[in-house]
Amino acid sequence: MSTTEESTEETTEEAAAASAPAATRRTPLRARLRLPRLDGLRGRLIITVVVVALISAVTATALAYRESRDAVLKRAQNAAVEDFRNRVNNLAAELDVPTDPRSMGRFATDVSSGLRGALVVAQYRDYTASSDPSADRSRITADLRATVRTRTQVSIQRVEHGGKPWLALGAPVLLDSAGRAGGSGQPSGVEIFAVVSLADEERDTADLVRSVQSGLLPVVLLAAVLALLAARTVLRPVRKLARATRRLATGELSIRVEEKGRDELAELAHTFNETAGALEHSVGELREQEALARRFVADVSHELRTPLAAMTIVSSVLEEDADQLTPDTAHAARTVSAETAKLTRLVDDLIEISRFDARAVALTVHSVDMAEAVRGTLAARGWTDRVEADLPPGIRARLDRRRLDVIVANLVGNALRHGAPPVTVTVRAADDWLTVSVADHGPGLAPEVARHVFDRFYKADSARSRSEGSGLGMAIALENARLHGGTIELAPPAPGVGAVFTLQIPLRTESAS
């Protein structure tokens with residue numbers, strides 16, 4: 001059976017958030033406004049799209065500026081050259097060559113009158129005349145003058161002067177076949193120059209650029225909105241897949257995601273569904289095998305109890321009469337009795353651990369005096385003289401005394417078997433927690449042993465396969481602690497102290513339920 005993620009889950013989450021108390025909805029402003037995280041995939045996608053749009057807009061603006069500027073300046077230049085050529089050709093016929101400064105001045109003034117107030121300079125041999133004698137003539141460069149001397153056509157040059165653009169024009173006045181000015185033959189020696197301002201064209205280009213720049217912000221905002229919509233479309237399946245993965249991690253193996261389209265996200269969803277299906281199948285098989293194994297252990301353990309009970313009775317009788325038997329027979333009787341006792345303890349431990357696995361255990365809670373309970377555990381096993389007990393009076397808790405006895409007996413027995421004296425038991429109650437610490441003064445546990453000390457059937461010395469313990473005692477102690485809502489922890493190694501195990505369970509007092 002498969003479960004499909006739908007948008008109703010988002011609606012449910014939003015409704016739950018809206019109905020939560022105000023104190024629980026104190027979220028940052030960014031979260032309330034649902035702004036994307038810049039370090040998340042959505043934020044990076046939006047930033048990338050916006051940056052690309054911004055670069056594209058800036059590049060387009062730069063290209064538009066360059067092209068428009070060249071087009072405007074070229075048009076203005078062509079118009080100025082045409083006007084300059086026509087004025088010079090029309091007025092040159094009235095100029096007598098050789099000429100005088102007065103005629104050159106009149107000629108320069110007549111030419112400038114048709115060129116939007118341009119500065120016009122006429123030069124003949126050592127004479128120079130200008131339409132504006134006070135104007136700066138440095139805008140007519142030496143390079144332009146040299147070019148005019150070698151060419152018969154109009155020469156042009158763009159110059160920057162005073163932070164403004166100018167167009168400088170120059171041309172020689174030619175003679176006709178009769179030797180009069182205004183023809184197309186040989187140069188007459190008269191050179192005419194004009195300087196035209198390009199400020200208006202530059203201003204038009206700047207206005208065009210500003211109009212383009214003013215459109216950058218809307219373009220970037222539009223790109224951000226489109227990126228947000230695209231990110232939402234792309235990330236919605238990713239969010240659904242993330243939620244499904246979290247639910248799969250919590251053990252909901254039947255979860256599936258919807259597969260839409262044929263893109264990479266659909267392929268990812270298909271791969272997730274296949275993986276979840278394979279995992280569900282594998283886990284199901286493992287659970288079945290585990291259930292069979294637990295049932296086998298439980299059944300075998302229960303089947304062994306009856307013959308073991310009979311064997312225990314017989315071995316006890318033989319052990320009591322061992323003094324009346326021959327030495328070999330007496331040794332065999334005592335050996336059978338000891339091994340029968342070990343087998344009985346192993347079967348009891350197996351039955352107990354199988355009940356934990358089957359979750360068939362329950363607490364029988366009573367008010368327990370901790371000092372009295374721990375003393376009873378030590379006395380029942382003859383450990384009173386071998387263990388130092390720090391048991392403050394008056395500490396009472398509601399717990400299962402039999403299971404507390406199992407925990408303390410396993411911890412103390414482990415310390416006596418594998419540690420070194422003195423072994424101490426300390427009981428404390430503080431901050432609503434009951435702690436029972438068992439410490440010895442042996443060499444402590446090696447790191448590789450400490451990692452497995454609560455594992456089932458684990459023994460620190462694998463060569464001692466015939467050791468007294470079953471390898472289940474610490475695991476059973478931990479399960480009993482967890483049954484009380486607590487745990488058992490192994491303290492880090494400390495100088496002068498061996499292994500220190502601490503039982504921690506919630507302190508349920510008389511008034512506690």
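The values are calculated or read from the model by the stated rules, or taken from the named source; none is laboratory data. These figures come from a predicted structure and were not determined experimentally. Cβ sites come from the backbone with ideal geometry, for glycine too, and all protein chains shown count toward neighbours. Areas reflect the complete protein model, heavy atoms only, side chains present, ligands, DNA and RNA absent. Shrake-Rupley method; radii C 1.70, N 1.55, O 1.52, S 1.80 Å.
In the range 334-360, what count of residues is obtained for those that are within 22 Å of residue 293 (Cα to Cα) and either open to solvent by 60 Å² or more (accessible area, probe 1.4 Å) or of a type in the set (A, V, I, L, M) (or both)?
Counting residues in the range 334-360 that are within 22 Å of residue 293 (Cα to Cα) and either open to solvent by 60 Å² or more (accessible area, probe 1.4 Å) or of a type in the set (A, V, I, L, M) (or both) gives 12.
If a residue has to be free of Cβ contacts under 8 Å to residues at least 60 places away in the same chain, farther than 19 Å from residue 104 by Cα and among the basic types (Lys, Arg) to count, how many in the range 143-180 make the cut?
Residues meeting the conditions: 2.
Where residues in the range 313-333 are closer than 28 Å to residue 472 by Cα and exposed (fewer than 15 other Cβ atoms within 10 Å of the Cβ), which of them is modelled with the lowest pLDDT?
Checked the range 313-333; the qualifying residue modelled with the lowest pLDDT is 314.
Kindly check whether there is at least one residue in the range 361-380 that is aliphatic (A, V, I, L, M), under 47 Å from the mean Cα position of the chain (by Cα) and crowded, with 20+ Cβ neighbours inside 10 Å.
No, that holds for no residue.
Tally the residues that are among the charged types (D, E, K, R) and touching a residue at least 60 places away in the same chain (Cβ under 8 Å), restricting the search to the range 328-381.
5
Starting from residues that are closer than 20 Å to residue 283 by Cβ and hydroxyl-bearing (Ser, Thr, Tyr), keep the ones in the range 226-271 and report whichever is surrounded by the most Cβ atoms within 10 Å (Cβ to Cβ).
Taking the candidates together, the pick is 245.
Could you list all residues from the range 131-156 that are in contact with a helix residue (DSSP H, G or I) (Cβ under 6 Å, 6 or more places away or on another chain) and under 18 Å from residue 189 (Cα atoms)?
Within the range 131-156, 154, 155 meet the criteria.
Just the residues that are open to solvent by 20 Å² or more (accessible area, probe 1.4 Å), aliphatic (A, V, I, L, M) and assigned to a loop (DSSP other than H, G, I, E, B), please, taken from the range 177-216.
Correct list: 178 only.
Name the single residue that is farthest from the chain's Cα centre (by Cα) among those in the range 159-176 being over 16 Å from residue 73 (Cα atoms) and loosely packed, with under 13 Cβ neighbours inside 10 Å.
Across the range 159-176, the extreme among qualifying residues is 162.
Any idea which of 428, 403, 398 is open to solvent by 10 Å² or more (accessible area, probe 1.4 Å) and over 16 Å from residue 502 (Cβ atoms)?
Numbers: 428 fails: over 16 Å from residue 502 (Cβ atoms); 403 fails: open to solvent by 10 Å² or more (accessible area, probe 1.4 Å).
Unique residue meeting the criteria: 398.
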